[in-house]
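*Asks:* Please read through the structure below; I'll follow up with questions.
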Amino acid sequence: MRNQSRLAGTQYLFMMVVWVVMSLLLGLTGLINRFNYYSSSTLAELGFLIPVVVLLIINRFEVMRGTRMKVIGIRTILWTILFTVLILPVTYYLNLVSQLFVPNAVEESVSYFATNAGQNIWANPLWLNILYIAILPPLVEEFIFRGVLFQGFRNCGLFKTAFFTALMFGLAHGNLNQFMYAFAIGLFLAYLVEASGSVYASMLAHAIINGTTVFLMYLERHLPENVTSVIVEAENQTSRVQDLGLLFWIIGAAVAGACAVLAVIVLRTIAKASGREVVYQEARKGKDRIKGKEGRVFSVELLVGLLIPILFMSILMIIEMVKK
């Protein structure tokens, strides 16, 4: 059997090469201006999925052997929903922290398509945004990162697998803003997959996270006019993250930290509900790591795969700084 972690590293490298080539091609040729938000989102997900599937076929799906794809029960679903609610404050807080240094990438993307394609996605039907934001990305990305890549690195131990798949997940977003909270989400979801024994649990959690944003934006547009005006006024008063006071950051950190601790506790309950309590505890203690070649994380392919998005993001940040 070939080293699975090396195969997984090759998967990620191939995926990042395709991602950079697509980004450069669309940007330099101006083709990106011919797409709307939904078509560009679909293209991005296909850009991740196709290279992974191609290499899976070439390698006869060797990396996927043992992938956790069992159907989850009602108890696991309910505990997963609670777990997701608990990690939401963590993601929101990290999103705000990142905006001390860089703009909100999602808002910039939505604004870009509103300006160049005349498309305000939040004015579109709710079901359309749920499909393209809360369903499509979780299905594709969880299959890749908590399915294929998670299984590829699994012989290296749970902690290393969670860390590196989260790192790859964060870097694949291509900007510092999303990297910070996507990395945290990646860590939590990797442990969720191990506790539940199924990538379907992480798909559900990811869908809830993305869907929450969709519902909040939808509700904001459909609230009574007097309530909407109050919200808009509050947003105008705190339009810059830098204007938020020290007390806000302290309270936010405390809430996010407390929720993270509770989420970790809930993971143990999910493992128990899924009949994986002993397996999960042994994995957390590092007893699942295979020694020798099969337990090694690093490979040249993985290193290059990680460097590509880092360099790409750094170049983009330098360009933005020069423009300012």
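*Asks:* How much of the accessible area of segment 246-324, in percent, comes from carbon and sulfur atoms when a 1.4 Å probe is used?
*Replies:* 70
*Asks:* Also: Using alpha-carbon pairs under 8 Å, 6+ residues apart, how would you state the relative contact order of the chain in percent?
*Replies:* 32
*Asks:* Among all lysine pairs in the chain that are eight or more places apart or on different chains, how many have alpha carbons less than 24 angstrom apart?
*Replies:* 12
*Asks:* Sticking with this one: Place a point 7 Å from the Cα of Ile81 along the Cα-to-Cβ direction; which residues of segment 175-191 have their backbone N under 20 Å from it?
*Replies:* 189
*Asks:* Suppose R0 equals 51 Å; then what is the FRET efficiency for Thr269 and Val322 from their Cβ-Cβ distance, rounded to the nearest 0.05?
*Replies:* My answer for the efficiency is 0.50.
*Asks:* List residues of segment 137-167, by number, whose backbone nitrogen lies under 20 Å from a label position 7 Å along Cα→C-beta of Val278.
*Replies:* Residues 158 qualify, since their backbone N sits under 20 Å from the label point.
*Asks:* Another question about this same structure. I'd like the Karplus ³J(HN,Hα) series for segment 255-263: coefficients 6.51, -1.76, 1.60, θ = phi - 60°, whole numbers in Hz, and an x wherever there's a Gly or Pro.
*Replies:* Result, rounded to whole Hz: 5, 4, x, 5, 5, 5, 5, 5, 5.
*Asks:* Let me ask another. Please identify, among Asn116, Asn36, Asn175, the residue showing maximal mean-square fluctuation in a Gaussian network model of the chain using a 10 angstrom Cα cutoff.
*Replies:* The residue with the greatest mean-square fluctuation here is Asn116.
*Asks:* Relative to the present Cα-Cα distance, how much length would full extension add between Arg221 and Phe248 at 0.36 nm per residue of separation?
*Replies:* Details: separation 27, 0.36 × 27 = 9.72 nm, distance 2.60 nm.
Stretched fully, the Arg221-Phe248 segment lengthens by 7.1 nm.
*Asks:* At 37 °C and a viscosity of 0.692 mPa s, what translational diffusion coefficient does Stokes-Einstein give for segment 48-97, taking Rh as the Kirkwood radius over Cα pairs? Give it in µm²/s as a whole number.
*Replies:* Details: Rh = 14.2 Å.
Result for D is 231 µm²/s.
*Asks:* Cα atoms only: what Rg and Dmax, in Å, come out for segment 1-84?
*Replies:* Computed over the Cα atoms of segment 1-84, radius of gyration and Dmax are 17.5, 50 Å.
*Asks:* Taking the radius of gyration and the Kirkwood hydrodynamic radius from Cα positions alone, what is the Rg/Rh ratio for segment 267-320, to two decimal places?
*Replies:* Ratio value, two decimals: 1.28.
*Asks:* Just to confirm a number: summing +1 for Lys and Arg and -1 for Asp and Glu over residues other than Val53 whose beta-carbon lies under 13 angstrom from that of Val53, what do you get? Don't skip to the end; give the middle numbers.
*Replies:* Numbers: positive: Arg60; negative: Glu45.
That works out to 0.
*Asks:* Follow-up question, since we're still on this one. Diagonalise the Cα gyration tensor of segment 86-179 and give the resulting equivalent ellipsoid semi-axes, square root of 5 times each eigenvalue, largest first, whole Å.
*Replies:* 28, 18, 12
*Asks:* Obtain the nm distance between the two label points defined at Val300 and Val53 by a simple spin-label model: each point lies 7 Å from its Cα along the Cα-to-C-beta direction.
*Replies:* 3.0
*Asks:* Might you tell me the accessible area per residue for the chain, computed with a 1.4 Å probe and given in Å²?
*Replies:* Details: 16540 Å² over 324 residues.
About 51 Å² of surface per residue is accessible.
*Asks:* Which one is right for this structure if semi-axes √(5λ) of the Cα gyration tensor in Å is calculated from it: [x] 39, 24, 21; [y] 32, 26, 19; [z] 51, 19, 16?
*Replies:* Label of the calculated value: [y].
*Asks:* How would you order 74-84, 142-152, 55-65 from highest to lowest mean count of nearby Cβ atoms within 10 Å?
*Replies:* Top of the packing list down: 142-152, 74-84, 55-65.
*Asks:* For every other residue with a beta carbon closer than 15 angstrom to the beta carbon of Ser40, add +1 if it is Lys or Arg and -1 if Asp or Glu, then tell me the sum.
*Replies:* On the way: positive: Arg34; negative: Glu45, Glu108.
Residues close to Ser40 contribute a combined charge of -1.
The values are calculated or read from the model by the stated rules, or taken from the named source; none is laboratory data. Please read these numbers as outputs of a predicted model, since none were measured by experiment. Positions of Cβ are generated from backbone atoms using ideal geometry, with glycine treated the same way; all protein chains shown enter the neighbour counts. Surface areas here come from the heavy atoms of the whole protein model, side chains and all, with no ligands, DNA or RNA. Shrake-Rupley method; radii C 1.70, N 1.55, O 1.52, S 1.80 Å.
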